[in-house]
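Single-structure report; data block below.
Derivation of every value follows stated rules applied to the coordinates shown; laboratory data play no part. Bear in mind that the values here come from a model prediction, so they are computed numbers and not experimental data. Please note: Cβ atoms are built from the backbone with ideal geometry, for glycine as well, and neighbour counts cover all protein chains shown.
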Amino acid sequence: MHYMYGKLNESFEGRNENLKLDTTDLKLLEAIYGLQNLKISDIAEKTGLSEITVKRRLRNLRKRGLFAKKYAVNYWKVKLIPLMVVGRNLWGKVDQAILDSFCKSVRTVMTSVSYHILDLIVPADDLGNILEYFSGSFKDVDMYFLKSFHKSVSFRFYDVVKNSWRIDYLALSLYIREIIVKEGYIDILKQTSPIKTIIEKVPSRPIKLSDKCIRRIHNFETFLNRKNSFLDSNMGISKYTVYKIKSELKRANALKTYIDVYPPKLTEKLYLIIEKGDMCFLEALLLGLSELPVLSFYKANKLDASDRFVKDNVIIARLELPEGGLVGFLESFTKMLIDKVDFKLCLETKVLMPHEKGGEEIAR
């Protein structure tokens, strides 16, 4: 089985509300997305701009928070398993020791009732016990093994003149229908699709980190990308420990850098979980949704308490829409989905961080 891992973008919050981008800025942002390094000569060649212009523009874009160079961890190589647990009102009922040891974040989402999505990183040796705990303690709970992660960033709908996202959801839904109906469209469009896999597993023997390292770090990626002051004051981890773990992961080829791009003013966040559907339809749907400003999705397998696959090829997509985009999306896409797939659509309302003292809620 082939595994791929990457980092799900943090939300774009607290940025410059009067952000202005011109066509050159957009060209640069599209060019650097997916690069593993920032070689000025490569970007200049890719965009047709001079190296002096590229340096100046990138410096300004970085200052304005439009992109950052970050780390992504191949969890499988360090014998950790990404797991997503979805259930009704889990927060406050889950054993705090599990949250402290394994949980990266808890997202409160709304369907007809309040649900929580637990983002867990579980050591392989503990997987069976964790699955048995959730299935035995909660009646309404789904557990997914996240086997790959993909992400796309598109600036196609950004109006430079009016400084806003202008998305015609009806036109987008018709575009996806066209992909589905016309034979061969998917294969043609895949060649220029913006969907990218952030990081791939390089087959080799997994390394073994110490239990102390695994259990102290709720989120390797957040941990490795945070400032040292945060590590010292909030997590009690020294700069030397950071350096040591980074070095160990780099030697094992389990840690790589990538370019993280933040399209501005994306406020509506939806989880679309599709457990059953025709693969041709799913590929066309994801290809069409990649036209949105940000699409992040996992390919997953649904698990039972015995660590058996209940369903293969589950799609868990996270959509980030401009303010007010929720209604337009629902009106245009719900009918199409109902006819084709079994799905759940969840609206993210807030994020809870287990490692915060007392487990306080942090509103989005």
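Applying both filters, DSSP loop and at most 12 other Cβ atoms within 10 Å, to the trypsin sites (Lys or Arg not before Pro) of the stretch 66-137 gives K93.
The share of Cα pairs per 10 Å bin across the stretch 272-343, counted from zero up to the longest distance, runs 17, 50, 25, 8, 0 percent.
Since only A254, V85, L189 are under comparison, the one whose Cα sits farthest along the positive direction of the charge dipole of the chain, derived from C-beta charges on Lys, Arg, Asp and Glu, is A254. Applying 1/(1 + (r/R0)^6) with r as the Cβ-Cβ distance of K182 and K335 and R0 = 22 angstrom yields a FRET efficiency of 0.65. The ranking of H150, H218 from fewest to most other beta carbons within 10 Å of each one's beta carbon is H150, H218.
For the pair R251 and E323 in one chain, pulling the backbone fully straight at 0.36 nm per residue adds 21.6 nm over the alpha carbon distance. Computed from backbone phi with θ = phi - 60° and the Karplus coefficients 6.51, -1.76 and 1.60, the 3J(HN,Hα) list for the stretch 243-256 is 4, 5, 5, 4, 5, 5, 5, 5, 4, 8, 6, 9, 10, 9 Hz; x is used for glycine and proline. Evaluated over the Cα positions of the chain, the convex hull gives a direction-averaged projected area, one quarter of its surface, of 18.9 nm². Remark on K147: its backbone amide H falls under 5 Å from those of K299, A300, N301, a criterion applied only to residues 5 or more positions apart or on other chains, H modelled at 1.01 Å from N.
Amide hydrogen proximity for K276: with H placed 1.01 Å from N in the peptide plane, the residues at 5 or more positions away or on another chain lying under 5 Å are D342. Can you pick out the pairs among K182/K344; K55/K246; K77/K276; K79/K246; K27/K190; K93/K302 whose Cα atoms lie more than 18 Å from each other? Pairs exceeding the cut-off: K182/K344; K55/K246; K77/K276; K27/K190; K93/K302.
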